[in-house]
Amino acid sequence: MLRGLAWILWLALLGCALPASVPESPVAQAAEAPAWPDRPQGETHEATLVLVVDGDTIRVRMDGRDHPVRYIGIDTPETLPDQPPEPYGLAASDANRRLLREGSLVLERDVSETDRFGRLLRYVWVVDDVGTYTLLNRELLLGGFARVTTHPPDVRYVEEFLAAERQARAAERGLWGSRRGSTP
């Protein structure tokens, strides 16, 4: 009898310790992603692609000069010339190269002009022939080729980027897949 009462008391106490609502699954969280802007929201400049350096860095020609550009808000695995590439580094570079072939480039500035290495910090948009904008930073996150990284004050799209990363994780794409430690 005492055992039965102890069991009931334990269940009652456990019920008090449970949260009032169960946290949503990553899929449900992704479904409630913030509305995504269909074009840049800040200062922009058109540019011409010169070179894809890796998954999150390119060189562009703008205003008659070449500039290195680091994508704001994301980090892809490294592909340094003097070291073996990190897992998914080559895949991220290839994905970046494919996405950049789809139209003309528009670079959007947030707050900072450059990083400590002198690279322009930008959101990189591609505009196709019918005027549709695609933000490559977000596309690389959705494909599982990048992780969100923040460096305030450049955080204009951080909520949207976090939602895109959650979608990639929920779908187990790229870095978040079952073969995380291997190179695709």
Out of L107, L80, L141, L99, which single residue is over 19 Å from E165 (Cα atoms) and outside any loop (DSSP other than H, G, I, E, B)?
-> L107
Quick one: would you say E139 is closer than 20 Å to V60 by Cβ, surrounded by 15 or more Cβ atoms within 10 Å (Cβ to Cβ), touching a Ser or Thr at 6+ places or on another chain (Cβ under 7 Å) and of a type in the set (D, E, K, R)?
-> no
All-but-one check, W125 against (1) of a type in the set (F, W, Y); (2) under 11 Å from the mean Cα position of the chain (by Cα); (3) closer than 22 Å to R61 by Cα, failing number (2)
State all residues of the range 144-155 that are crowded, with 21+ Cβ neighbours inside 10 Å and either small (G, A, S) or over 25 Å from Y88 (Cα atoms) (or both); if no residue qualifies, say none.
-> G144, A146
Determine, yes or no, whether P81 is touching a residue at least 40 places away in the same chain (Cβ under 8 Å) and not hydrophobic (A, V, I, L, M, F, W, C).
-> no
For D38, are the conditions met, namely being of a type outside the set (A, V, I, L, M, F, W, C), within 24 Å of A163 (Cα to Cα), in contact (Cβ under 8 Å) with a residue 24 or more places away in the chain and buried (at least 19 other Cβ atoms within 10 Å of the Cβ)?
-> no
Would you check which residues across the range 78-120 are surrounded by fewer than 19 Cβ atoms within 10 Å (Cβ to Cβ) and β-branched (V, I, T) and list them?
-> V111, T114
Within the range 60-76, restricting to residues that are more than 21 Å from G42 (Cα to Cα) and assigned to a strand (DSSP E or B), the one that is farthest from the chain's Cα centre (by Cα) is R65
Find the residue count for the range 91-122, including only residues that are without any contact (Cβ under 8 Å) to a residue 24 or more places away in the chain and within 16 Å of the chain's Cα centre (by Cα).
-> 1
Options D56, D128: the member that is of a type in the set (D, E) and surrounded by fewer than 17 Cβ atoms within 10 Å (Cβ to Cβ) | D128
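Each value in this text was obtained by applying a stated rule to the coordinates, not by laboratory testing. None of these values were measured; they are calculated from a predicted model. Here Cβ is always computed from backbone atoms with ideal geometry, including for glycine, and neighbour counts include all displayed protein chains.
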